[in-house]
1. Which residue is surrounded by the fewest Cβ atoms within 10 Å (Cβ to Cβ), if the candidates are limited to the range 3-18 and must be acidic (Asp, Glu) and within 17 Å of TYR71 (Cα to Cα)?
2. Can you tell me which residue within the range 19-78, out of those that are small (Gly, Ala, Ser), touching a residue at least 40 places away in the same chain (Cβ under 8 Å) and closer than 25 Å to GLU6 by Cα, is surrounded by the most Cβ atoms within 10 Å (Cβ to Cβ)?
3. For the range 4-41, enumerate the residues that are among the aromatic types (Phe, Trp, Tyr) and within 22 Å of ARG53 (Cβ to Cβ).
Amino acid sequence: MEQLLEIKRTGISLERFERLAGRAGYRCAKRTLFLINPIYQYKFGLKPRRQFRLVAGLPYLRDFLTTCGYYLVRQEDR
């Protein structure tokens with residue numbers, strides 16, 4: 001339970017991260033979203049699962065149903 005509370009305390013959603021990265025002059029080169037976070041395999045014995053494409057395409061639903069996101073960002077060409 002403590003791990004879930006830690007996630008809540010960070011206070012940043014995927015949507016907010018993407019928006020802040022864009023404002024800072026970065027673009028998403030690659031994104032991998034997970035329904036079940038890969039670290040949960042070691043913590044809870046759950047097999048990692050990538051997020052469904054349909055869910056990944058719906059911003060606010062994506063934030064609610066995604067437990068982990070890995071991003072590769074690049075600075076935008078000026």
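Laboratory data are not the source of any read-out in this text; all were calculated from the coordinates shown. This structure is a prediction, so every number in the text was calculated from the model and none was measured. Here Cβ is always computed from backbone atoms with ideal geometry, including for glycine, and neighbour counts include all displayed protein chains.
1. Start the filter on the range 3-18 by keeping residues that are acidic (Asp, Glu), which leaves 6, 15, 18.
Imposing the further condition that a residue be within 17 Å of TYR71 (Cα to Cα) reduces the set to 15, 18.
Values: GLU15: 12, GLU18: 18.
The extreme case among them is GLU15.
2. Applying the first criterion (small (Gly, Ala, Ser)) to the range 19-78 yields 21-22, 24-25, 29, 45, 56-57, 69.
Restricting the remaining residues to those that are touching a residue at least 40 places away in the same chain (Cβ under 8 Å) gives 21, 25, 29, 69.
Next, from what is left, pick out any that are closer than 25 Å to GLU6 by Cα: 21, 69.
On the way: ALA21: 16, GLY69: 19.
Among those residues, the one meeting the criterion is GLY69.
3. The initial filter retains those residues of the range 4-41 that are among the aromatic types (Phe, Trp, Tyr), namely 17, 26, 34, 40.
Passing the criteria: PHE17, PHE34, TYR40.
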